[in-house]
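Some notes on the structure that comes next.
The values are calculated or read from the model by the stated rules, or taken from the named source; none is laboratory data. Keep in mind the model is a prediction, meaning the values are calculated, not measured. Heads up, the Cβs are rebuilt from the backbone with ideal geometry, glycines too, and the neighbour counts pull from every protein chain shown.
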Amino acid sequence: MNSPSTPPLQVLDKAITKGRLAHSLLIYGQNFLALEDLAIHLGNRLLQIGENQSPLSHPDFFTLRPAKKMRQILAEDTREMIRKIQHSPQAGDHKMAVVFEADRMNQSAANIFLKALEEPPLNTTILLLTTRPYSLLPTIRSRCLLFRVPGSPHALENEKAIQWQKDYRQWLDDTVSGLSDKSLICRQVMALYGLVAQFSNILEEVTKEILAQKEEGKNSALSSDEKAALEAGISVSVRQQFFSEIETSTMNFARALHEETGLEPRQQLVSSIASLEHSSGLLRYNFNVNSALEIFLLTSMRIWASLKKP
């Protein structure tokens, strides 16, 4: 989590202190949980709430998140938030609106939101949070001050997630060691589906852990719909982190293989990472996460089996 001493927060804190914070900010980076933490910190500063409290229950703090199975930000929800921020502040002299996963606005919602950016309400700061800034309408980006939060997704500290990466690298090593008969191929396929099953369980476990941390002491601030949206957002962020770590594990495996055997797995590495990016991209269209991982692992098995240890 960011702290007020990190460079991004230093810049924004200074702008708040001088009263020069832009009306509309597009805050983006690779780690969505870090973006959310930053938004909560800014809410505390702007609304003058204690740092150990949450602005989620403050009457002048408004949120908009993806909803329903398609996980889109819908036109009716967008209109409702805009209606709320048109009113005068209730508890102070400032209001704040945060759009989580802003890139998930559907076309209608984006067009409605664009009008609010063209004529922002008085005494209101609007934050748009996203890991995919260029998926937003160019006209929305042009009306916001873009603010990039540097850094990669945080490593998953869950012990099962760490063990999964070790098992994945061992699976790669076994694949490169040779699939000379049907029994070995069958064993690798069974191990592959074991990785898929473990992945799903770990994703659910880590999501619940993070959700519990974020809910601690804030249950009254979240409606059931908001809790469901928050949980979905956390799941997406954890999933992104997990896929990022798969990429790192694959690169580390290729490097170690070269050092150990002298083999040049450059082409296999490039093809494997391309397959991972393809599978990760499918998730943007609500493709089943287990199916996406299965596609990647099956493709990886074919790719790495072409490289045999001496």
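Return the total of residues in segment 123-174 being aliphatic (A, V, I, L, M), in a strand (DSSP E or B) and either surrounded by fewer than 19 Cβ atoms within 10 Å (Cβ to Cβ) or not assigned by TED's automatic domain parsing to the domain that holds L12 (or both). Let's see the steps before the verdict.
Within segment 123-174, the subset aliphatic (A, V, I, L, M) is 126-129, 136-137, 140, 145-146, 149, 155-156, 161-162, 172.
Restricting the remaining residues to those that are in a strand (DSSP E or B) gives 126-129, 145-146.
Retained after the next criterion (residues that are either surrounded by fewer than 19 Cβ atoms within 10 Å (Cβ to Cβ) or not assigned by TED's automatic domain parsing to the domain that holds L12 (or both)): 145-146.
Residues in segment 123-174 being aliphatic (A, V, I, L, M), in a strand (DSSP E or B) and either surrounded by fewer than 19 Cβ atoms within 10 Å (Cβ to Cβ) or not assigned by TED's automatic domain parsing to the domain that holds L12 (or both): 2 in total.
Taking helices (runs of 4 or more DSSP H) that do not extend beyond segment 194-308, which have at least 2 residues that are touching a Leu at 6+ places or on another chain (Cβ under 8 Å) and either of a type in the set (G, A, S) or not assigned by TED's automatic domain parsing to the domain that holds L179 (or both)?
Here the list reads 224-261, 289-305.
Collect the residues in segment 11-68 that are buried (at least 16 other Cβ atoms within 10 Å of the Cβ), part of a loop (DSSP other than H, G, I, E, B) and among the acidic types (D, E), keeping them in residue-number order.
Answer for segment 11-68, where residues must be buried (at least 16 other Cβ atoms within 10 Å of the Cβ), part of a loop (DSSP other than H, G, I, E, B) and among the acidic types (D, E): just D60.
Got at least one residue in segment 106-115 being assigned by TED's automatic domain parsing to the domain that holds R83 and loosely packed, with under 13 Cβ neighbours inside 10 Å?
The answer is yes, given that some residue of segment 106-115 is assigned by TED's automatic domain parsing to the domain that holds R83 and loosely packed, with under 13 Cβ neighbours inside 10 Å.
Only residues in segment 280-309 that are over 20 Å from L195 (Cβ atoms) count as the first member; pair them with residues that are crowded, with 17+ Cβ neighbours inside 10 Å, Cβ under 6 angstrom, at least 6 apart or cross-chain, and list the lot.
K309/V176
Which condition breaks for K95 when tested against (1) modelled with pLDDT under 90; (2) touching a strand residue (DSSP E or B) at 6+ places or on another chain (Cβ under 7 Å); (3) of a type outside the set (F, W, Y)?
With (1) modelled with pLDDT under 90; (2) touching a strand residue (DSSP E or B) at 6+ places or on another chain (Cβ under 7 Å); (3) of a type outside the set (F, W, Y) applied to K95, the lone miss is (1).
Being surrounded by fewer than 20 Cβ atoms within 10 Å (Cβ to Cβ) and in contact with a helix residue (DSSP H, G or I) (Cβ under 8 Å, 6 or more places away or on another chain) is the requirement here; does L74 meet it?
Answer is yes for this residue.
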